[in-house]
């Protein structure tokens, strides 16, 4: 057979008829339909199993909820006995201490006035203001008393509960603080004027000019008087204080003096409209916590000093922490109601029952967003927002002053020209304003070349302050009453030597500033028991790790990593929580969010009541359990809080468990820190409880609850205060 015939036969055999094609197509469709029906039946079976499982889970959840409700009153009653009685006992103890401190202050007979009694403090201020021709050292010595009186009033404003301090008393105390601050500045100016009148007698033999340094622990005066009027003079360095200034050429032949008055306290920031939340007017209201932070003279009492309350000392209470939320320590009477509502003692409120009994939806509600920007919140670019930035290292009053006429010896007589008006600012850079403002005539050599060259300054950044970034310089604008960053140029900073140099268009009062929220949010935290009534709180931040120890009713900063500053006056010093907060903030270690810090930090916002309850429970449980940061705290929503917990053991272990807390109940979670996704599924065999204490008790040893009963009420309260101030559950 030929090949052509074979190929034709093959095509004929391989070709299907139309009927066969239809049959095969029908079989395929039937097979596909059977598979779809089988898949649908399987899916229905799976869905039925899932629904049945969910039904059983819901029934189990409802059963557990019902069981929790059945034991709620019993658990809350035990909770109150365990926690609230300790906190209320701490309140009663501190109230007694305040009463005793007030009596001790009344009985004190050391010659110092009682700043809370208007007659005494007004007499003191009146008599001191009338004293004339005081030398600088005398004023410096008395300034220590004035600063202690200011601090006494500030802490009274901050620590006294509203029911013990009326609005009228608060307004009186705040007015006294302002008057003392003003009087102190006035006396330093008068003492400077008195010193300059005798500049010739104090002149240096080598240079012919006067240069002098007078200081104590709070104030340093560096002053230079241009007696020689050397046209080639370019500047002077106060080597002992590492402060240098370049004298502009137009001033080399002028009768001037240059003054650096460095105060470790800050009495200017409280005058700024950016000082208070929502930029309330400082003339009408002032935040007590901010007064303490800005005005403190930098002296922090140790545990030994605080054991016996001295004059004006007030033991810090939880109300101190709550009082940070006061919008003011004095305001109009119409705001009294608001102030009282936010500063009520959390130890006496009934939020325990209200929080847990409240029947709210189980699902999370969205976290409330921060208030929108108020029109008054919009600032010019060069104005420093003191809610976002902090003044560190004190204030440098940098002035060029008119040198008073000096004494002259004539035929055995000492003669001096008397000029009224006190200390006068030399009007640099405008020469014409000197004629207008002072009414004196200038010689041509004084006006020649006065073309306003910049003023160069170099200084060493204080070693007791931490700057995590290059320090910024801000000048004080006395007219606008704000710190500003304009008119400052050529800034250079040597990190190794901590030397800062810059130029300004004129002589300005200036300070160094740093972002208050550099270390927020925290990277992690851990609260670890160390012994009876002793725990440590570790907070890991972006730039440093901080460890705070708590023992009895005191706490201390025990260690700080990554710092080249000298914190020897702070580290290891036992003090109350509020004093520790003020001391750390003054040193640049701010891990204490303000009420409006959420405007400047992306936070993991939580239900406020649930958060406070969590801090209370952590405070009572910390003698037996370690608490730590959990990555799932950001995934559980606004209404819930997740913490990891492990029981104290010897030797220590890493057997962490996760617990989720809400305003209604507490549960143990099945997920772990290493899980890939978050789930609120209950731990196998676990139940709901109304408190974390009862939840943890299901899994802990018999010794753990006994250790809790032995903890002292002042210790529990101290831990609660510190947790409430650092807000580790929200800012991490």
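What follows draws every value from the coordinates through simple rules; no lab data is involved. Everything quoted here is computed from the prediction, not taken from an experiment. Reconstructed Cβ throughout: ideal geometry from the backbone, glycine too, with neighbour counts over all protein chains shown.
So here's what we get for this one:
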{"read-out": "Order of 476, 413, 93 under a 10 Å beta carbon neighbour criterion, fewest first", "value": "413, 93, 476"}
{"read-out": "Using a Förster distance of 45 Å, the FRET efficiency for residue 602-residue 66 (Cβ separation, nearest 0.05)", "value": "0.70"}
{"read-out": "Span from the region 135-169 Cα centroid across to the region 662-696 one, whole angstrom", "value": "49 Å"}
{"read-out": "Length released on extending from residue 229 to residue 558, taking residue separation times 0.36 nm less the Cα-Cα span", "value": "113.2 nm"}
{"read-out": "Length gained when the stretch residue 141-residue 479 is fully extended (0.36 nm per residue, less Cα-Cα span)", "value": "118.6 nm"}
{"read-out": "In nm, spacing of pseudo-spin labels at residue 382 and residue 37 (7 Å Cα→C-beta vector)", "value": "8.6 nm"}
{"read-out": "Cα→Cβ-extended label distance, 7 Å offset, between residue 213 and residue 675, nm", "value": "6.2 nm"}
{"read-out": "Cα gyration tensor shape for region 566-669, rounded if a/c is under 1.5, else prolate or oblate", "value": "oblate"}
{"read-out": "Footprinting exposure proxy for 513, 117, 550, 677 (fewest neighbouring C-beta atoms within 10 Å first)", "value": "677, 117, 513, 550"}
{"read-out": "Rh (Kirkwood; distinct C-alpha pairs) - region 183-267, Å", "value": "13.6 Å"}
{"read-out": "Separation in nanometres of the label points that stand 7 Å from Cα toward Cβ, at residue 703 and residue 654", "value": "2.4 nm"}
{"read-out": "Value of relative contact order over region 524-726, rounded to a whole percent, pairs C-alpha under 8 Å and six or more apart", "value": "21 percent"}
{"read-out": "For region 95-203: relative contact order, % (alpha-carbon pairs under 8 angstrom, 6 or more apart)", "value": "36 percent"}
{"read-out": "Likely footprinting exposure, 72, 94, 55, fewest C-beta neighbours within 10 Å first", "value": "55, 72, 94"}
